[in-house]
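The values are calculated or read from the model by the stated rules, or taken from the named source; none is laboratory data. All of these numbers come straight from a predicted model, not from anything done at the bench. Note that we place each Cβ from the backbone using ideal geometry, even for glycine, and neighbour counts take in every protein chain shown. Areas reflect the complete protein model, heavy atoms only, side chains present, ligands, DNA and RNA absent. Shrake-Rupley method; radii C 1.70, N 1.55, O 1.52, S 1.80 Å.
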Amino acid sequence: MELTDRPRRLRTDGVRSLVSETDVRAADLIAPVFVDATTDERVPIESMPGHERVPVSESAARVREIMETGVEAVMVFGIPESKDERGSQAWAEDGVVQRAVRRITNQTDAYVITDICLCEYTDHGHCGVLEDDARDDPRLTVDNDATLELLQQIAVSHADAGADMVAPSSMTDGMVGAIREALDGAGYENLPITAYAAKYESAFYGPFRDAADGAPAFGDRRHYQMDPANAREAMREVQLDVEQGADVLMVKPALPYLDIVSELRREFDHPIAAYNVSGEYAMLHAAADNGWLSLEEAASESLLSIKRAGADLILTYFAEDIAERL
Ligand code: PBG
């Protein structure tokens, strides 16, 4: 038998890295940070080993720890002191994210991105203003258009606090355009928007909802987040965000949706982000705790796969661990 093509020739140690197509750099990673206004000490998040909710007073220290690993960008999530029907702490000048962002931007050089959503701030846990009777009628949940105005206020309040970028995640139709208009009107024409453009109604958000205390008190999010069955619809969703001025397009979750990441890569020239979510992180930790796989290797392979599928940047709870190993 005569073999001319032998791919194994390029798999020896000396040449392997020369022909490698993909790599993960610390500069590609964004680390999530949870700031909690209800505590004055750090509280470990049980379902996300290694992560904690930190008080506002520790927010800059937490970000400095992240930056020591080489990661330069953070995504800030807040747990407010109190919740109400409309989620008013989400846009309060002295809200938890606003206070934390002021500290982080004053005390560090991190690139600070904020998540724009209402679910951590409303007493019902939905990502916007409820429609009348939503509690009694399973066909009703969030009033889309009434929510837009609140998202605008949140975005401007985050920009006022010093955020470098905002990332709306509520899957409200028209959210990117509404936020762009509000930011421009307040003089923030140069502040970019990462749209959680294709965000699915996913079971993989479970640990995050514990961490951020944002589970819906009734019903679910399938009226506004995407149906996991749909890929073509993702292209429509993303196209709408592009038309409204999104600067970066994010897919969430990451690993179960790599087909969407790679299709976005083909269809759009914008930077593509993927959110390697809490459940993807917790699964690997749980398996590793049982001795069933190597955490470091499985985490590295996960992030490499997300990049190979076409993501330019990755929001991941593994950011610090992986950056430290690079
Ligand atoms: C807010 C939000 C969620 C996540 C990020 N922003 C929760 C949700 O939509 O239910 C989940 C992130 C994760 O699981 O890591 N809407």
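Using the Cβ-Cβ distance between Glu46 and Ser294 with R0 = 22 Å, the FRET efficiency computed as 1/(1 + (r/R0)^6) comes to roughly 0.50. Summing Cβ point charges (Lys, Arg +1; Asp, Glu -1) relative to the Cα centre of the range 66-114 gives a dipole of roughly 60 debye. A cut-off of 5 Å between modelled amide H atoms, ignoring neighbours fewer than 5 places along the same chain, links Arg53 with Val43, Ile45. Between the beta carbons of Ser17 and Arg139, assuming R0 = 51 Å, the FRET efficiency works out to 0.40 to the nearest 0.05. Round to the nearest 10 and give me the degree value, 0 to 90, for the angle of helix 232-243's Cα axis relative to the longest principal axis of the chain. With both axes taken from Cα atoms, the answer is about 60 degrees.
Phi-derived couplings, Karplus 6.51 cos²θ - 1.76 cosθ + 1.60 at θ = phi - 60°, listed residue by residue for the range 298-311: 5, 5, 4, 5, 4, 5, 4, 5, 5, 5, 4, 5, x, 6 Hz, with x used for Gly and Pro. For the Cα atoms of the chain, what angle does the longest principal axis make with the long axis of helix 278-289, in degrees from 0 to 90, nearest 10? Taking Cα atoms only, the helix is inclined about 50 degrees. Proximity of backbone amide H atoms, modeled 1.01 Å from N, is registered between Leu130 and Asp143 at under 5 Å, excluding neighbours fewer than 5 places apart on the same chain. Here, P(r) means the percent of Cα pairs in each 10 Å bin from 0 to the largest distance; for the range 158-199 it is 28, 58, 13.
Between the range 151-189 and the range 201-235, what is the separation of their alpha carbon centroids in Å? Measuring centre to centre over Cα atoms gives 22 Å. For Met226, the residues whose amide H sits under 5 Å from its own are Lys199, Tyr200, Glu201, ignoring neighbours fewer than 5 places away on the same chain, with H placed 1.01 Å from N.
The gain in end-to-end length when the Glu181 to Ala286 segment is fully stretched comes to 33.5 nm, 0.36 nm per residue minus the alpha carbon separation. Expressed per residue, the C-alpha convex hull volume of the range 270-326 stands at 76 Å³.
Computed from backbone phi, the HN-Hα couplings of the range 6-20 come to 10, x, 4, 4, 9, 10, 7, 4, x, 10, 3, 6, 5, 9, 5 Hz, rounded to whole numbers (Karplus: 6.51 cos²θ - 1.76 cosθ + 1.60, θ = phi - 60°; Gly and Pro given as x). Only helices enter the 222 nm calculation for the chain: every DSSP H run of n ≥ 4 contributes -39,500 (n - 2.57), and dividing by all residues gives -11000 deg cm²/dmol, rounded to 500.
Here the relative contact order of the chain, from alpha carbon pairs under 8 Å that lie six or more residues apart, stands at 18 percent.
Surface composition of the range 22-325: carbon and sulfur make up 43 percent of the accessible area, probe 1.4 Å. This model, with +1 at the C-beta of Lys and Arg and -1 at the C-beta of Asp and Glu, gives the range 192-267 a dipole about its Cα centre of some 100 debye.
Taking the Cα atoms of the range 168-221, the ratio Rg/Rh between the radius of gyration and the Kirkwood radius comes to 1.08.
For the chain, what is the charge dipole size about the Cα centre, in debye to the nearest 20, if Lys and Arg each add +1 at the Cβ and Asp and Glu each add -1 at the Cβ?
Taking the Cα centre of the chain as origin, the dipole is about 1080 debye.
The residue list Gln244, Ala203, Ser169 was ranked by how far each Cα lies along the charge dipole of the range 159-250 toward its positive end, using unit charges on Cβ atoms, and Ala203 comes out on top. So what's the angle, to the nearest 10 degrees on a 0 to 90 scale, between helix 144-161 and the longest Cα principal axis of the chain? Tilt of helix 144-161: around 80 degrees.
Which whole number in µm²/s is D for the range 22-325 by Stokes-Einstein, with the Kirkwood Rh taken over Cα pairs at 37 °C and 0.692 mPa s? In µm²/s, the coefficient is 171.
Only alpha carbons enter this Debye calculation for the range 208-321, each as an equal point scatterer, and the log10 of I(q)/I(0) it gives at q = 0.16, 0.18, 0.24 Å⁻¹ is -0.84, -1.01, -1.34.
Bridgeable aspartates and glutamates around Lys307 (alpha carbons under 14 Å apart, same-chain partners fewer than 8 residues away excluded): Glu21, Asp23, Asp28, Asp259, Glu263.
Averaged per residue, the range 22-325 has 41 square angstrom of accessible surface, using a 1.4 angstrom probe with ligands and nucleic acids left out.
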